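Scroll down for the structure; my scribbles are underneath it.
The values are calculated or read from the model by the stated rules, or taken from the named source; none is laboratory data. Fair warning: this is a prediction, and the values are worked out from it, not measured in the lab. A quick note on method: Cβ atoms are made from the backbone with ideal geometry, for glycine too, and the neighbour counts reach across all protein chains shown. Protein only, heavy atoms only, side chains kept; ligands, DNA and RNA dropped before computing areas. Shrake-Rupley method; radii C 1.70, N 1.55, O 1.52, S 1.80 Å.
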Amino acid sequence: MASDRLPPYRDATQPVEVRVRDLLSRMTLEEKAAQMAQIERRVASPDTLTGLPVGSVLSAGGSGPAERASARQWADMVDRMQRWALASRLGIPILYGIDAVHGHNNIYGATIFPHNVGLGATRDSDLARRIGEATALEVRATGIHWTFAPCVAVCRDVRWGRCYECFSEDTEIVRTMTSIVSGLQGPPPQDHFPGHPYLAGRKNVIACAKHFVGDGGTHKGINEGNTICTYNELEEIHMKPYLDCLAQGVSTIMASYTSWNGSPLHSNYHLITDVLKGKLGFKGFVVSDWEGIDRLCHPQGSNYRYCVLASINAGIDMIMVPFNYQKFLEDLIFLVESGRISTSRIDDAVERILRVKFVSGLFEHPFSDSSLLDVIGCEEHRLLAREAVRKSVVLLKNGKDKKKPLLPLDKKARRILVAGSHADDIGNQCGGWSITWHGDSGRITIGTTILEAIREATANETEVIYEQSPSEATFSNQDYSYAVVVIGEEPYAEFLGDRTTLDIPFGGADVVSLVASRVPTVLVLISGRPLYLEPSLLEKIDALVAAWLPGTEAGGIADVLFGDHDFEGVLPVTWFKSVDQLPMNVGHPAYDPLFPLGYGLKMNLEKTK
């Protein structure tokens with residue numbers, strides 16, 4: 001048989017652990033060290049992938065083969081790099097990774113789903129799983145194997161710039177939504193052993209639970225800050241979602257930039273090795289965050305050899321370098337040869353990386369599947385995104401008098417006003433991690449804006465007037481039946497979103513006040529978290545809708561505004577009255593919110609029909 005002539009690691013009929021041990025036994029120290037490096041695609045070359053091949057390549061937010069590159073261009077780029085890696089001495093394929101955190105959000109024309117905070121408002125675990133499946137298909141269509149998702153942080157302070165990446169402030173809600181892992185990787189069989197990596201097949205992608213652990217609980221919500229709590233609190237609040245991810249065979253876990261009681265997670269042996277790998281039995285690999293080890297010294301990266309030493313000995317297996325590849329290899333090899341990092345630690349890290357590569361079928365199917373190219377932004381996925389949007393939107397107020405609700409809106413009204421900075425802006429409604437790292441305003445990708453959705457939903461005889469920044473002249477000799485004002489936050493990511501004040505940007509409150517003092521008004525708020533709502537503003541508006549960051553398919557917002565579907569979403573986080581109350585979570589002894597966790601109204605459409 002041909003398989004008899006193959007080395008065991010090349011033989012797909014052999015057990016994974018046999019293949020791992022065989023390949024490891026054939027590797028030099030230099031080859032092992034290279035497998036522990038992940039580099040950014042801009043420094044990937046035949047030298048870095050053929051001579052001494054790295055373990056992984058990634059695309060940072062906005063880093064692609066070309067502006068508005070097609071799925072084919074992406075797949076061709078990844079395949080080209082894979083050919084370089086396969087031409088190396090041992091032919092070990094690379095894993096290609098990307099931040100597909102709400103759909104394949106770096107790819108022009110892909111379906112962008114609501115950010116996690118919106119999905120948390122649905123409480124729908126099956127919806128999360130289906131979104132994972134759709135995302136996996138679109139990622140695989142571009143030849144990519146690995147997404148740095150999901151974020152399973154529990155956001156305890158909405159001042160944090162990554163609040164929208166979290167499903168909820170409530171641990172149990174986050175646990176419910178970890179079903180997205182089974183969507184991304186495929187549901188493991190019943191006899192699957194928790195903690196062992198799993199991938200169903202070529203239409204699934206390797207998932208990455210992040211950021212281990214406690215990143216949602218930092219003091220004052222400061223990004224990359226310090227989480228101050230007991231171990232029991234860390235375990236009960238922040239660690240439990242990882243148990244659900246491990247039960248679903250999550251293959252990789254990313255370490256957090258944050259610290260726990262002053263100890264950086266990237267060098268925390270107790271949490272990474274004793275707890276995650278030991279107590280919880282994780283057999284996949286732990287990857288650092290972007291230049292995460294550099295932050296272990298000050299100034300950042302100034303004592304890089306120490307950063308390598310501390311992170312590898314703590315139990316991190318793959319380092320997201322992403323540019324300092326040669327320095328990383330030099331220091332890692334020196335530390336092993338000098339005895340400061342043991343060969344057993346190196347072997348453990350490489351075993352874990354190879355295990356994931358074998359489990360994922362990468363040796364048998366290293367290249368992209370061209371039959372998937374057409375799934376990018378396909379109608380089926382856009383309809384799923386629209387469903388997710390309408391299920392995520394939360395109705396917080398409906399009528400100054402509850403007996404006289406404004407919603408559902410009349411589709412056949414003679415003339416309506418649509419206003420605000422976010423009414424006709426795909427970029428604003430997608431938020432951060434959309435086409436670029438931090439996102440951007442404007443027509444950044446293909447999709448339906450809220451204005452376009454309103455025009456599609458209303459009757460042909462309805463006149464829809466759009467004024468981004470209305471003035472007194474907007475109302476001169478006009479008779480509007482009602483107004484829809486859409487305002488909110490500008491796109492941001494990570495520390496760019498840290499805010500001590502959470503007022504509505506761009507003078508949005510003034511726009512609402514101007515319109516609502518003249519016309520019955522529904523305020524649609526586009527944001528990654530609750531924002532401060534002045535009591536006087538709340539009194540002026542007739543209806544209030546929290547739409548979070550809905551992504552490309554705003555038709556789901558029109559679906560509920562006009563009563564084609566009732567509101568289903570409920571708050572995934574507490575809505576504060578004043579920022580002075582923060583942090584404030586359900587169960588807090590002084591819990592006095594504007595709207596509590598789980599709040600959400602319905603229009604009771606069955607009574608109105």
Review point. Under 21 Å Cα-Cα from Lys283, which lysines qualify once same-chain neighbours fewer than 8 residues away are excluded?
Key: Lys32, Lys210, Lys240, Lys357
Review point. Measuring with a 1.4 Å probe in the full set of protein chains, what accessible area per residue, in whole Å², belongs to the stretch 321-466?
Key: 41
Study note, to complete from the structure: Taking R0 as 56 Å and r as the Cβ-Cβ distance between Ala247 and Lys402, the FRET efficiency 1/(1 + (r/R0)^6), rounded to the nearest 0.05, comes to 0.80
Revision key, fill the gap. The percentage of the accessible area of the chain (probe 1.4 Å, all protein chains present) made up of carbon and sulfur atoms, to the nearest whole number, is 49
**Study point:** Packing-based ranking, highest mean first, of 120-131, 427-438 given that Cβ atoms within 10 Å are counted
**Key:** 427-438, 120-131
**Study point:** Karplus-derived 3J(HN,Hα), 6.51/-1.76/1.60, for each residue of the stretch 226-243, Hz, glycine and proline x
**Key:** 10, 8, 10, 6, 6, 5, 4, 5, 4, 5, 6, 8, 9, 8, 4, x, 5, 4
**Study point:** Candidate lysines for bridging to Lys411, where Cα separation is under 22 Å - those fewer than 8 sequence places away on the same chain excluded
**Key:** Lys391, Lys397, Lys400, Lys402, Lys403, Lys602, Lys607, Lys609
Revision key, fill the gap. Here the FRET efficiency for Val43 versus Asp347, based on Cβ atoms and R0 = 41 Å and rounded to 0.05, is 0.95
**Study point:** Label point 7 Å beyond Cα of Lys411 along Cβ direction - residues of the stretch 454-485 with amide nitrogen under 14 Å
**Key:** 454-462
Check your understanding: Convex hull volume of the Cα atoms in the stretch 1-132, per residue, in Å³?
Key -> 160
Exercise for review: At a temperature of 37 °C and a viscosity of 0.692 mPa s, determine how fast the stretch 535-594 diffuses translationally according to Stokes-Einstein, using the Kirkwood radius over alpha-carbon pairs as Rh; express D in µm²/s, rounded to the nearest whole number.
Suggested key: 233
Check your understanding: How big is the stretch 375-481 by the Kirkwood estimate over distinct Cα pairs, in Å?
Key -> 16.2
Exercise for review: Using the charge dipole of the chain (Lys, Arg: +1 at Cβ; Asp, Glu: -1 at Cβ; taken about the Cα centre), state which of Asn105, Gly301, Phe193 has its Cα farthest towards the positive end.
Suggested key: Phe193
Revision key, fill the gap. Relative to the chain, whose Cα atoms define the longest principal axis, helix 125-141 and its Cα axis are tilted in degrees, nearest 10, by 60
Exercise for review: Please work out the ratio of the alpha-carbon Rg of the stretch 94-227 to 2.2 N^0.38 Å and round it to two decimals.
Suggested key: 1.03
Point to revise | Gap separating the Cα centres of the stretch 163-191 and the stretch 322-378, nearest whole Å | key: 25
Check your understanding: Helix 343-359 versus the longest principal axis of the chain: what is the Cα-based angle in degrees, 0 to 90, to the nearest 10?
Key -> 60
Check your understanding: Taking the Cα atoms of the stretch 438-481, what is the range of coordinates along each of the three principal axes, in descending order and whole Å?
Key -> 41, 26, 11
Review point. How big is the gap, in Å, between the Cα center of the stretch 451-515 and the Cα center of the stretch 48-121?
Key: 36
**Study point:** Only Lys, Arg (+1) and Asp, Glu (-1) charged, at Cβ; the stretch 10-104 dipole about Cα centre in debye
**Key:** 140
**Study point:** GluC sites (Glu not before Pro) within the stretch 1-90: DSSP coil, no more than 15 neighbouring Cβ in 10 Å
**Key:** Glu67
Point to revise | Solvent-free Debye scattering, log10 I(q)/I(0), computed from the Cα coordinates of the stretch 478-609 at q = 0.14 Å⁻¹ | key: -0.72
Review point. Where the only charges are on Cβ atoms (+1 Lys, Arg; -1 Asp, Glu), what is the dipole of the stretch 244-402 about its Cα centre, to the nearest 20 debye?
Key: 740
Study note, to complete from the structure: Of the candidate values (1) 28.2, 85; (2) 25.0, 87; (3) 22.9, 71, the one computed for Rg and Dmax of the Cα atoms in Å from this structure is (2)
Point to revise | FRET efficiency, Cys378 to Leu90 (Cβ-Cβ, R0 22 Å, nearest 0.05) | key: 0.05
Point to revise | Amide H contacts of Cys229 (H built 1.01 Å from N, under 5 Å, at least 5 apart or other chain) | key: Asn261
Exercise for review: Could you quote the convex hull projected area for the stretch 252-356, Cα atoms only and averaged over all directions, in nm²?
Suggested key: 6.3
Review point. Which ³J(HN,Hα) values in Hz, rounded to whole numbers, follow from the phi angles of the stretch 149-165 under the Karplus curve 6.51 cos²θ - 1.76 cosθ + 1.60, where θ = phi - 60° and Gly and Pro get x?
Key: 7, x, 7, 10, 5, 10, 6, 9, 8, 6, 6, 5, x, 10, 3, 5, 7
Point to revise | Electrostatic dipole magnitude of the chain [Cβ: Lys, Arg +1; Asp, Glu -1; Cα centre; debye, to 20] | key: 660
Review point. ³J(HN,Hα) across the stretch 494-499 via Karplus (A = 6.51, B = -1.76, C = 1.60, θ = phi - 60°), whole Hz, x for Gly/Pro?
Key: 6, 5, 5, x, 4, 9
